[in-house]
Amino acid sequence: MYDKQYSQQVLRTRDNDIIMNYDAVDELIIKHLDLASHHHVLEVGCDEGYTQRRVEPLVERVVGVDVNADAVAANPCADARVTSGPLLDFEDASFDRVYSSHTIEHIPELEQHFEEVARMLKPGGVYVAVYPWELFRGMAAMRAAMTLYGNPWRSREMHVNKLTPRKLDALLTNIPLSQSYSTLKFMNTPQWLSVWKKSV
Ligand SMILES: C[S@@+](CC[C@H](N)C(=O)[O-])C[C@H]1O[C@@H](n2cnc3c(N)ncnc32)[C@H](O)[C@@H]1O
């Protein structure tokens, strides 16, 4: 199970962070979401609402979900909810857009996560995810593991997936989401962004 201490509560307190340019990540996600004011949007792994609060003024509704109840309690956005795992309690085809930032590398039931995203997206809807480029699994979480546990190698308990766009493509063969775009961006450290479209 995901260690609930590992949250941007630990990381996002840093200004001018050496590993993550948070503004650049948020701006990239928002750009690729191609939002409209009538959109209903879901963020998976919303934490304290760092990205969600930037999306909120742009759309009709943005819901954030996270497994960390403390983070959800500290999230100032109008709609933030605790979830227990990849299965989410939303109707089929209820969102125009779904996004996640540095979350899918933490989800053991990754196929189920994508099945849920596909189920909840409207036909033609879009999922945008940012996730770390890693030479080995856990590389990008070593500092956090050091902070939390005093042991950088426990980062491998945090990042349970080492992902690339190609690997995700292979995972999604039976799921009605197709990757329409992916890019590797240097936002202080290398990070992948992928965009999937739900079939119409
Ligand atoms: C590294 S943090 C990123 C937080 C935030 N998205 C950001 O960019 O600042 C990963 C977040 O994903 C959440 N998380 C992990 N597994 C999850 C799951 N199965 N469903 C929802 N949230 C999850 C964690 O609690 C944590 O808040």
For this session: First measure r as the distance between the Cβ atoms of S84 and K167, then evaluate 1/(1 + (r/R0)^6) with R0 = 22 Å and state the FRET efficiency to the nearest 0.05.
Result: 0.30
Seminar exercise, completed: In this structure, the FRET efficiency calculated for E91 and L58 from their beta-carbon separation, with R0 = 22 Å, to the nearest 0.05, is 0.45
Exercise. Contour minus end-to-end for E27 and Q179, with contour as 0.36 nm per residue of separation and end-to-end as the Cα-Cα distance?
Worked result: 52.7 nm
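What value, in deg cm²/dmol to 500, does the helix sum -39500 (n - 2.57) over DSSP H runs of n ≥ 4 give at 222 nm once divided by the residues of the chain?
-7000 deg cm²/dmol
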Problem set entry | Full-extension gain in nm, D70 to L135, via 0.36 nm per residue minus C-alpha separation | 20.3 nm
Problem set entry | Reachable lysines, given that their alpha-carbon falls under 30 Å from the alpha-carbon of K122 and they are not under 8 places away in the same chain | K31, K162, K167, K185, K197, K198
For this session: Work out how far the C-alpha atoms of the chain reach from end to end along every principal axis, then list the three figures in whole Å, largest first.
Result: 47, 37, 30
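A short reminder: the numbers here are calculations on the coordinates, not readings from a lab. The structure displayed is predicted, hence computed values, not measured ones. Note that we place each Cβ from the backbone using ideal geometry, even for glycine, and neighbour counts take in every protein chain shown.
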